[in-house]
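Okay, so here's the structure we're looking at.
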Amino acid sequence: CHPLLLVASFSQAEGQVCRLRGDPENPQLSKDGDIILGGIFSFHSSWKDRQDTYTNKPLPLECTSLNFRDFQFAQAMLFAIEEINNSTDLLPGISLGYKMYDTCGSMARSVRVALALANGNEAVSAPSEAPCTRLSQVQAIMGDTSSSPCMAIATVIGPFHIPQISHFATCACLSDKTKYPSFLRTIPSDYYQSRALAQLVKHFGWTWVGAIRTNDDYGNNGMATFTETAQQLGICLEYSVSFFRTDPPNKIQKIIDIIKASTSKVIVAFLSHMDMDVLIHVLSQHNLAGYQWVGSEGWIIDSKTAEMDKHHILDGAIGLAIPKAHVSGLREFILDVKPLNSSGNEMFTEFWETLFSCNFRQSASSAEHQRECTGHEDVSSVQNSFTDMSLMPIFNNVYKGVYAVAHALHSILVCNGTCNHKMQLDPFMHIRRIHFTTKEGDEVYFNENGDPPAKYEIINWQPTEHGIVDFVTVGLYDASLPADKQLSLQNKSLIWEQNSKQVPVSVCSEKCPPGTRKVLQKGKPVCCYDCIRCAEGEISNITDSITCVRCQPEFWSNERRDDCVKKEAEFLSFEEIMGALLTAASLFGTCMTAVVAFIFFRYRKTPIVRANNSELSFLLLFSLTLCFLCSLTFIGRPSEWSCMLRHTAFGITFVLCISCVLGKTMVVLMAFKASLPGSNVMKWFGPTQQRLSVLAFTLIQVVICILWLTISPPFPFKNFKEIKDKIILECALGSTVGFWAVLGYIGLLASFCFILAFLARKLPDNFNEAKFITFSMLIFCAVWITFIPAYVSSPGKFSVAVEIFAILASSFGLLICIFIPKCYIILLKPEKNTKKNIMGKGAPK
C-alpha cells in the first residue's frame, strides 16, 4: 500500500487492513490477464477550468479536447500486447492484460493514476501475512508522453522499483538514476538532441539565433543543454523566451514583440507539438514570416502543426526527428478500431463521435448539427490526425517498450516451452539488461542511464504544389559515431524560409576576412564584434581570427595583412645611384691622388717638392690613396671579412695619413727653430726620426685594432628594428669601445696636428706649408665632428653613406689643401719654384 492513498486501520475483528482514502480511479481501457501492464496516456489534452473553494471536496477533472495522438499510442500498446499473447516464442502460456488511464494532461492526475496502477482500487485490501504490504498491481507502466508528468510519476513509483518506460519523454534530467531509478525510455535523451541541434545550427553558419522553449522540464532542460553546447560552438542567443500553452495571451504577445524587434533570422524552437500549435496560431495572426525555424522532435514531423500553418510561416523549417520506422500490421490495427467491440466503450464512444462528428445518442436538439453514428463507419475514409501515420516512429517506441517488458518477464519466468508461474516477478533489474531485435530488425537495449542509442533524422519542411508540407529526410545524426562524423547531410536540395534555395544568413556581425581580427563590441555577446585591420607586421590568414600573428623577424606583412612576405634586404650596393656616386667619388679621389703623386715624382728634384721632406709627401699621398680606396669596403653586402676590414683599414690608413701630416707640421716648426742662431734642433728631428714618429703613431693604432679584432670584432648583422619592413644588413661594431678608441685616437692626432699647424701658420716663409696644413686639419676636424650626430641619426644604409662621405670629404680636404697649391706652382708658376723664392729671399715682384 502507498501512504498517499491508503491508510492502515486496526480492529479486533478484522486485524490490520489498508483502506483507500478518496475515490477509486478506474481505467479508461482495461483487459484482464495473467500479468498486467499499466498505461498512462493523455487521451484528453486539457480540462475545464474551475474555481475550487476547498470548502467541499473538489469534483473530478472534467477532461476536454480529445487527443487523437495518444489514442494512437494506446493502440500501438494494444497491438504489441495482442502480438505477444499470440506468440508461441515469447511468454508462452502467459496472457498479458492492461490497464490504461487518461491523465488529461494534468501532472496531479498523472501521479494519482500511477498510484492507482501500483495499488489497485479496492476500498479495503485483503489481509496478508505482512500487514499492509503486497505486490504491485502492474509489472510495468508504459508512459507518459511528456517529460514533466514522467518526472512526477517516476518520483512516486521509483522507490517501489516498478519499471516505467516512456515512448516520448526526452528530458535529459530523466537520465539521473539517483532521482529516477526505475525510469527507462525508448526515445533518445534530449542531451543528444540538444547537442545535435547546436551542431546543425553551427553547420549552416548561424551564429546569431533566437530561442523559444516550452516552459516545462522538456523545454527548459533541453534548451539549457542547447545553450551550453551553442556557447561552446561559438553560437550566441539574441533572446531565449519560454511559454506554456495555458499562458495568457499577453505573455505570448510579448514573445511576438521580441521576435519582431530582433535582428536574428533563425529561431530554435524547443517546443512540444501542443505548444507549437498555440504559437503558430498567433504567428499566423501577425503573418510573422521570413524566419528560419529549427525544430525539436516534439513538433518537426507533426502533421497537425503543418496543417495549422495556413500562412506557410514554417515552410523550410529544419529539425530533428526520430528515424522513420515501420511495424508491419500496426497501421491496419490502428485503423481497424471499432467502438462496439472495444473495452472501455465510453471512451471509445467519445472517440468515435469526435472522429466522425456524429452522435450515438441522437437527440432532437443535435439532429440538425450531427448525424447519427452507426459504429460501422470507415476510419480510413477520414483525413485527420488519427489516420495520419507520420508518428509511426513514436508508435514503434511504444511497441518496443512493451516488448522490452515481455522479454524481461520471459527471462524471469525461465520460459522454455512453458513458463514457470511460481517465480517471483520483479522485472526491475532484468529489464535494464535486455538486448533483443524486433521483427523489423531494430535492436533494443538500454544503457546505464536507461536510454536507447541516440539516432535522429534531419527533416526539412518542403511544400508541395498542392500546398501540403512534405517532411523530407535530408540527413542523419548518430551520437555513437566520432564527433566529426555524427552529423551528415545528404546531397539533397534543401528548401529554406519563403521557399528560398539560398541558405539564410543569421549573424550579429559579418565574418572578419583574412587580414583582420575580431574585437568584441562592449556590452554585447561574443558574436557581436568589429573587424579591426591587423597592425603592420602582423597577419591573420583565416576568417574570423581573434588574434593577429606577428611575422617572423625576417618577414613582414603584405598590404592585405593576410600573408608574411620576406623583407627586402637593404644595404649600400654598388648598383644603386648613391653607391655608384660614392664609388665614383672614391675612384676619382684615388686617380686624383695618383696624378698628384705622378706630378711630384716628375718634379721631385724641384725645390717645392724637396722642401719639407718629400719622403713624407709621397707617404702621405700613398696613405690618401688607401683612404680613398678603403671607402669602397663600406659598399656592398656586409660579410665577415668586409666588416673587419672596413673599420680597421679606415682607422690605420687615416692614422698613417695624419701621422704624415703631423710629421710635416713638426718639420716646419723644427726648420724655423733650426734657422735661429745657435740652434741644432734639426739633428734631433731628422729624416730618421720623422720616419720613426710616423711608424710609432701608426703602430699604436694597429695595436688598438688588433685588440678590437681579438676581443670583439665587427660582424655582419641583420637589423630588423631600424626600418620595420626591411632588413638592414650592416656591420655591428662588436666592441663599441674599440670603435670609439679608433676614432678617438684619430681625433687626438688630428687635434694635435691642428694645434701645431695653427701655431706655425705665421712663420716667416714665402711658402708656409703650415697654413695649408691648418686649413686641411680644420676641414678634417669639422667633417668628423659633424659626422658623429649625422652617423647616429641616419637610418640603415644612410649611416654607411655618411661614414663614406666623411672619409672622402676629409681625404679630399687633405689632398686639396696640402698638395693642390704646390701643383699649381709646379705646373702654372714654375718661376716661383726656386729655392730663393721658397725661402722668401728672392721673390719676384
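The values are calculated or read from the model by the stated rules, or taken from the named source; none is laboratory data. Everything numeric in this text was worked out from a predicted model, so none of it was measured. Here the Cβ positions follow ideal geometry from the backbone for every residue, glycine too, while neighbour counts run over all protein chains shown. Protein only, heavy atoms only, side chains kept; ligands, DNA and RNA dropped before computing areas. Shrake-Rupley method; radii C 1.70, N 1.55, O 1.52, S 1.80 Å.
Structure notes:
- Answer label, with P(r) over Cα pairs in 10 Å bins from 0, in percent calculated from the coordinates and candidates (i) 2, 10, 17, 19, 17, 13, 10, 6, 3, 2, 1, 0, 0; (ii) 2, 10, 14, 13, 9, 6, 5, 5, 5, 6, 7, 6, 5, 4, 2, 1, 0, 0; (iii) 2, 12, 21, 25, 21, 13, 5, 1, 0: (ii)
- Summed residue charge, Cβ within 13 Å of residue 724's Cβ, Lys/Arg positive, Asp/Glu negative: -3
- What you get for the chain, charging only the Cβ of Lys and Arg (+1) and of Asp and Glu (-1), is a dipole of about 8880 debye around the Cα centre.
- Selection of trypsin sites (Lys or Arg not before Pro), region 710-753, meeting DSSP coil and at most 12 other Cβ within 10 Å: 721, 724
- Normalised per residue, the accessible area of region 235-304 is 34 Å², obtained with a 1.4 Å probe and no contribution from ligands, DNA or RNA.
- Relative contact order, percent, region 516-566 [alpha-carbon distance under 8 Å, six or more residues apart]: 33 percent
- Rounded to the nearest 10 square angstrom, residue 509 shows an accessible area of 20 square angstrom against a 1.4 Å probe.
- Taking the three principal axes of the alpha carbon atoms in region 430-469, the coordinate ranges are 51, 24, 11 Å, sorted in descending order.
- Overall form of region 569-646 per C-alpha gyration tensor (a/c, 1.5; a/b vs b/c): prolate
- Computed FRET value (nearest 0.05) for residue 357 with residue 433, which takes r as the C-beta separation and R₀ as 30 Å: 0.05
- Extending 7 Å from the Cα toward the beta-carbon at both residue 371 and residue 820 defines two label points whose distance is 13.0 nm.
- Dipole axis of the chain (+1 Lys, Arg; -1 Asp, Glu on Cβ), positive-most option in 28, 473, 434: 473
- ³J(HN,Hα), Karplus 6.51/-1.76/1.60, whole Hz, each residue of region 162-171, x for Gly, Pro: 8, x, 10, 10, 9, 9, 8, 8, 10, 4
- Rounded accessible area of residue 507 (nearest 10 Å², 1.4 Å probe): 40 Å²
- Classification of region 181-305 by its C-alpha gyration tensor yields an oblate form. The axis ratio a/c (a ≥ b ≥ c) is 1.5 or more, and b/c is at least a/b.
- From the C-alpha gyration tensor of region 491-544, square roots of 5λ in Å: 30, 16, 7
- Efficiency of FRET between residue 640 and residue 566 - r from beta-carbon atoms, R0 30 angstrom, step 0.05: 0.85
- Apportionment of accessible area to carbon and sulfur, region 516-566, percent (1.4 Å): 53 percent
- Looking at the chain alone, DSSP beta bridges between its own residues are antiparallel in about 55 percent of cases.
- Computed from point charges on the beta carbon alone (+1 for Lys and Arg, -1 for Asp and Glu), the dipole magnitude for region 516-566 about its Cα centre is near 260 Debye.
- Per residue, the solvent-accessible area of region 142-197 (1.4 Å probe, heavy atoms of protein chains only, all protein chains present) comes to 24 Å².
- Total charge dipole magnitude, region 435-568, about the Cα centre, Cβ charges on Lys, Arg, Asp, Glu only, Debye to nearest 20: 660 debye
- Ranking of 21, 185, 561 by solvent-accessible surface, largest first: 21, 561, 185 (1.4 Å probe, protein heavy atoms only, all chains present).
- Selection from 552, 565, 529 lying farthest towards where the dipole of region 516-566 points positive, charges on Cβ: 529
- The 3J(HN,Hα) values that the Karplus relation (6.51, -1.76, 1.60; θ = phi - 60°) gives for region 92-100 are, in residue order, x, x, 10, 9, 9, x, 8, 9, 10 Hz. Gly and Pro appear as x.
- Put 691, 550 in order of accessible area, highest first, and with a 1.4 Å probe you get 550, 691.
- Whole-Hz couplings from phi, Karplus 6.51/-1.76/1.60, listed for region 544-555; x for Gly and Pro: 6, 6, 8, 9, 9, 9, 6, 5, 4, x, 8, 10
- Here the simple spin-label model places points 7 Å from the Cα toward Cβ, and for residue 717 and residue 519 these points are separated by 3.5 nm.
- Semi-axis lengths, Å, region 516-566, gyration tensor of Cα atoms, sqrt of 5 times eigenvalues: 25, 8, 8
- Between the amide H of residue 291 and any residue lying 5 or more places away or on another chain, no distance stays under 5 Å, with hydrogens modeled in the peptide plane.
- Residue 471 accessible area, assembled protein chains, probe 1.4 Å, Å²: 40 Å²
- DSSP H segments from the chain that extend 27 Å or more along their own axis, Cα-based, with Kyte-Doolittle mean of -1.0 or above: 392-412, 577-602, 640-674, 687-711, 736-759, 769-793, 797-828
- Neighbour net charge for residue 445 - beta-carbon separation under 15 angstrom, K R +1, D E -1: +1
- Modelled FRET efficiency - R0 60 Å, residue 790 with residue 233, Cβ distances, 0.05 increments: 0.50
- Furthest towards positive pole of dipole, 268, 687, 240, structure part the chain, Cβ charges: 687
- In the full protein context, region 516-566 carries 65 Å² of accessible surface per residue, based on a 1.4 Å probe and ignoring ligands, DNA and RNA.
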